[in-house]
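The values are calculated or read from the model by the stated rules, or taken from the named source; none is laboratory data. Everything quoted here is computed from the prediction, not taken from an experiment. Counting neighbours? That spans all protein chains shown, and the Cβs are built from the backbone with ideal geometry, glycine included.
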Amino acid sequence: MTHIAPAANSVKVIENCRVSPPSGAVADQFLPLTFFDIQWLPLPPLQKLLFYEFHHSKAHFIETLIPHLKHSLSLTLKHFFPFTSNMIIPSSNSSKPQIRYVEGDSVSVTFSESSDDFNYLTGNQPRNADQFYPLIPQIPEIYSTNVSGSGTIVVVPLAALQVTVFPESGICFGFAYHHVLADGKAFNCFMKSWASVAKFGGDAELLAGGYLPFCDRTMIKDPTGLDTIFLSQVCGERKLEELCQTQCPPRSSNNNVRATFVISRTDVQRLKDSVMAHRGQQHSTVPLLHVSTFTVTCAYMWVCILKTRASTSVDKDVDEEDELDHFVVAADCRERLDPPIPATYFGNCLAPCFVTARHGQLMEEKEGFFVAVELFGEAIDKRLHKGEPEGVLKASETWLSDFNNLNMRRLMSLTGSPKIGIYEPDFGWGRPRKSEIVSIDITGGFSISECRDSQGDVEFGVTFPKIAMDAFASIFANGLKLL
């Protein structure tokens, strides 16, 4: 395996500032948290990085690019004002949290310089995970304030941005934001919009292209009061403000390494073909559902990670055959609600799909993969197909309780999607060279996206201790050879 460079805090701040929409461009308003938003309240902020090649000096970055990025961001925030908003938690437990924007609200932006090796950080090889944390901004702290007529409220800033230059090499955009603000599709809509404004010098292309965000969260219908049910389940005995104050993510990965693994379009097809051949050999008469790129690659990654944990863990319970392993994946519901909401909806619109299997089944050399594919297909079909009047919202009142009843030690999750287009935002110097989701260090899952230059290929981000990463790399490569 490639040598792991030592961690180094080599990022120096050039400027801390705050950026607002243009004065008078956005009216004061409140956005209610929908049940789609509330289910994410207990989780720590998402942390994402986008690296771009940028062969210019630090002086050029300071004198030219920083003013340009501030201006283009301000114009973009005119449309994506929730990024500058705060979540407001009233002192009364009977009142629900909201996202509030008032004139003058702004988002924290840090401009910095790194002396790290840009090529090293943007490679696929195992890299010291702690070297990515200095590129992630810190969301401002929660605070309390008194509001006339409303008493004390808790104010929760929702996002922060950081732009770090690697002189003569590249730029990194770092983001930290609470999931209640937006899901992955909405976030990437913001990124593509900011890039468009920066590239074309204004929002004319954005207005003409029909990419404006749809921010009206009242479009999410909730006739059964799911927001109240979820809020009660999220908080339990605690006040919501106490929950939010415990969400600060760590600034260390506990000496993990981070790597990217690619499943090529050719191997994706081989995975699909092997599933179909196996079913033919089994003479199965049950229709196979969702033999998609997403299904076969995620099933393959799940099995590889479980085998890695079993082969390197000192905890014998990890490899107990009769224990149940769980996987949860979020499915986009925008087009599947009744009525559908716009594809540009800015918020959360994700429903969980739960996959559960006996550990011993998943650990079988070849059969484990086929079991995982079958179960993934069943779970996704059950969630997304409108076989019931409730459609994707069937049994939604138990989403959180079902999740909380899972054994968290045996739970796997993923972040991202190969359909979001994370490599599309172009600020005028080309598409991103690399994307990283740093927050998988916290969740223990993995990330998924399309590949930058190879249509049909899928890339996965994983993080492990060094010894486990070596084991995973071997299991991953050998499994594909056996197809």
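Residues considered: 412, 408. Of these, the only one that is surrounded by 14 or more Cβ atoms within 10 Å (Cβ to Cβ) and of a type outside the set (Phe, Trp, Tyr) is 412.
Would you say residue 158 is closer than 30 Å to residue 89 by Cβ and surrounded by 19 or more Cβ atoms within 10 Å (Cβ to Cβ)?
Judged against the criteria, residue 158 is a match.
Taking the stretch 355-368 on its own, how many of its residues are over 25 Å from the mean Cα position of the chain (by Cα) and not charged (D, E, K, R)?
Taking the stretch 355-368 as the starting set, the residues that turn out to be over 25 Å from the mean Cα position of the chain (by Cα) are 358-368.
Okay, now just the ones that are also not charged (D, E, K, R), so 359-363, 368.
Going through the stretch 355-368 one residue at a time, the tally reaches 6.
Being modelled with pLDDT under 95 and either within 20 Å of residue 117 (Cβ to Cβ) or not assigned by TED's automatic domain parsing to the domain that holds residue 176 (or both) is the requirement here; does residue 57 meet it? The answer is no for residue 57. The selection criterion, being assigned to a loop (DSSP other than H, G, I, E, B), farther than 30 Å from residue 444 by Cα and among the hydroxyl-bearing types (Ser, Thr, Tyr), does not hold for residue 72. Contact annotation: residue pairs with Cβ atoms under 7 Å, 6 or more positions apart or on different chains, pairing a residue in the stretch 96-109 that is among the small types (Gly, Ala, Ser) with a partner that is assigned to a loop (DSSP other than H, G, I, E, B), are 104/20; 106/20; 108/137; 108/140. For the stretch 49-62, does any single residue satisfy the condition of being more than 19 Å from the chain's Cα centre (by Cα), free of Cβ contacts under 8 Å to residues at least 24 places away in the same chain and assigned to a helix (DSSP H, G or I)? Among the residues of the stretch 49-62, at least one is more than 19 Å from the chain's Cα centre (by Cα), free of Cβ contacts under 8 Å to residues at least 24 places away in the same chain and assigned to a helix (DSSP H, G or I), which makes the answer yes.
Between 120, 101, which is surrounded by fewer than 22 Cβ atoms within 10 Å (Cβ to Cβ) and closer than 29 Å to residue 467 by Cβ?
120
Scanning the stretch 217-237 for residues that are in contact with a strand residue (DSSP E or B) (Cβ under 9 Å, 6 or more places away or on another chain) and outside any loop (DSSP other than H, G, I, E, B), which turns out surrounded by the fewest Cβ atoms within 10 Å (Cβ to Cβ)? Per the stated criteria, the residue is 218.
Report yes if residue 232 is within 30 Å of residue 423 (Cβ to Cβ) and of a type in the set (Gly, Ala, Ser), otherwise no. Steps first, answer last, please.
On the way: within 30 Å of residue 423 (Cβ to Cβ): no; of a type in the set (Gly, Ala, Ser): yes.
The answer is no for residue 232.
The residues on offer are 197, 262, 268, and the sole one that is in contact with a Ser or Thr (Cβ under 6 Å, 6 or more places away or on another chain) and assigned by TED's automatic domain parsing to the domain that holds residue 472 is 268.
In the set (1) of a type outside the set (Lys, Arg); (2) surrounded by fewer than 22 Cβ atoms within 10 Å (Cβ to Cβ); (3) in contact with a Ser or Thr (Cβ under 9 Å, 6 or more places away or on another chain); (4) part of a loop (DSSP other than H, G, I, E, B), the condition left unmet by residue 21 is number (2). For the stretch 416-440, what are the residues that are buried (at least 19 other Cβ atoms within 10 Å of the Cβ) and either under 22 Å from residue 355 (Cβ atoms) or under 12 Å from the mean Cα position of the chain (by Cα) (or both)? If the condition is that a residue be buried (at least 19 other Cβ atoms within 10 Å of the Cβ) and either under 22 Å from residue 355 (Cβ atoms) or under 12 Å from the mean Cα position of the chain (by Cα) (or both), then 416, 417, 418, 420, 422, 435, 436, 437, 438, 439, 440 are the ones that fit.
So, in the stretch 148-198, exactly how many residues are outside any helix (DSSP H, G or I) and either without any contact (Cβ under 8 Å) to a residue 12 or more places away in the chain or within 21 Å of the chain's Cα centre (by Cα) (or both)? Selection size over the stretch 148-198: 24.
Looking only at the stretch 351-364, which residues are in contact with a Phe, Trp or Tyr (Cβ under 7 Å, 6 or more places away or on another chain) and either part of a loop (DSSP other than H, G, I, E, B) or surrounded by 19 or more Cβ atoms within 10 Å (Cβ to Cβ) (or both)? Give the derivation first.
Kept after step one, since they are in contact with a Phe, Trp or Tyr (Cβ under 7 Å, 6 or more places away or on another chain), are these residues of the stretch 351-364: 352, 355.
Once the filter is applied, which keeps residues that are in contact with a Phe, Trp or Tyr (Cβ under 7 Å, 6 or more places away or on another chain) and either part of a loop (DSSP other than H, G, I, E, B) or surrounded by 19 or more Cβ atoms within 10 Å (Cβ to Cβ) (or both), the stretch 351-364 yields only 355.
Scanning the stretch 20-78 for residues that are within 25 Å of residue 249 (Cβ to Cβ) and basic (Lys, Arg) yields one hit, 48.
A quick yes/no check of all residues on (1) in contact with a strand residue (DSSP E or B) (Cβ under 7 Å, 6 or more places away or on another chain); (2) farther than 30 Å from residue 68 by Cα:
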| site | (1), (2) |
| --- | --- |
| 342 | yes, yes |
| 369 | no, yes |
| 392 | yes, yes |
| 429 | yes, no |
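The set of residues from the stretch 410-445 being aromatic (Phe, Trp, Tyr) and either in contact with a Ser or Thr (Cβ under 7 Å, 6 or more places away or on another chain) or modelled with pLDDT under 95 (or both) comprises 423, 429.
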